[in-house]
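Report on the following structure.
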Amino acid sequence: MKSKHRAHPEDSEEVRQPEIKKAALARRVQPYIVPLLLLFCTVFYYFGELVDWAHWDALRLGFFYGVHDIHRLFFLAPIIYAGYTARVRGALIVTLISFIIFWPRAFFISPYPDPMLRMTLFTIFAGTLGCLVAIVRNQSEQVARLKNLMRDERDLLLNVVDTMSEGVIIIAPDYKIRAMNSVMVKYFGEGTGLLCYEHLHNRSSPCEEACMLKNIVENGEIHKWKYTFPDGKAFEITSAPYLDIEGVLCQVSVFRRIAGEPGA
């Protein structure tokens, strides 16, 4: 919860310049990737016919005249890429374009049985795969946005907590301290990442007689009690459940110093 040093805006901008240029280049190149992939796949798909038309006898390889189901697999690349970058609409558009590319071979050229059926089945499969990729990408980005929103809200909360006159500490179920505000650090020293019973109580094992962590985390209870630490500091402690940004149910405790007690 302690404030961190902020870099100078100019320094931050200089650090980000390579990333900004890289992102700008990617934006300029991206619109051409799907058309180029489709062009490559189309040339490959009809390469046998192009060889016959141009009389390139040296390139008459049996692979280009085999079952065209194998050649169609290359079209998965532009369809999946379109689903990843342009989402469901992009995947459907590229799938439709691919179907149009397949149609002349299936209707006029292919000597193999059921060419239209096999082409249609592949188109359905490829389009479905592209749409699934788009859906997964949408969901992953939505989760990332929610995490960023939760992180921003947590940072705002911690900044508010850091201005309180009481000590605040967040402890995970494994007894590790996840955060301390500046008042708590003033009382006990910085202990983020350490075990609470070691840092606060100088013990080698959890303090069973005074610890409410299990009741709070497992049962969602709220507890309020008074406790005097080994160094004589006396506090009124209020503890409650707290769901961390990672989805871990922790304990958040507010320590109010009791005036007039030893060490106060």
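Just a few scattered comments:
- Screening Asp155 with (1) free of Cβ contacts under 8 Å to residues at least 40 places away in the same chain; (2) surrounded by 18 or more Cβ atoms within 10 Å (Cβ to Cβ); (3) not polar (S, T, N, Q) gives one miss only, at (2).
- Here Val133, Val143 are screened, and the one residue that is touching a residue at least 24 places away in the same chain (Cβ under 8 Å) and more than 17 Å from Ser253 (Cβ to Cβ) is Val133.
- Close pairs from region 63-86: first without any contact (Cβ under 8 Å) to a residue 60 or more places away in the chain, partner outside any helix (DSSP H, G or I) and not aromatic (Phe, Trp, Tyr), Cβ under 8 Å, at least 6 apart: His68/Ser110
- Residue that is modelled with the lowest pLDDT, among those in region 36-87 that are under 28 Å from the mean Cα position of the chain (by Cα) and among the β-branched types (Val, Ile, Thr): Thr85
- For region 25-35, filtering for residues that are under 19 Å from Leu96 (Cβ atoms) and either over 38 Å from the mean Cα position of the chain (by Cα) or touching a residue at least 40 places away in the same chain (Cβ under 8 Å) (or both) leaves 2.
- Some residue of region 166-181 being within 30 Å of Glu49 (Cβ to Cβ) and surrounded by fewer than 18 Cβ atoms within 10 Å (Cβ to Cβ): no
- Taking the criterion of being surrounded by 16 or more Cβ atoms within 10 Å (Cβ to Cβ) and not in a helix (DSSP H, G or I), the only residue of region 182-191 that qualifies is Gly191.
- Helices (runs of 4 or more DSSP H) fully within region 60-164 counting 1 or more residues that are among the acidic types (Asp, Glu): 68-72, 115-161
The values are calculated or read from the model by the stated rules, or taken from the named source; none is laboratory data. Keep in mind that what you see is a predicted model, and the values were worked out from it rather than measured. Don't worry about glycine lacking a Cβ; one is built from the backbone with ideal geometry, like all the others, and counts go over all protein chains shown.
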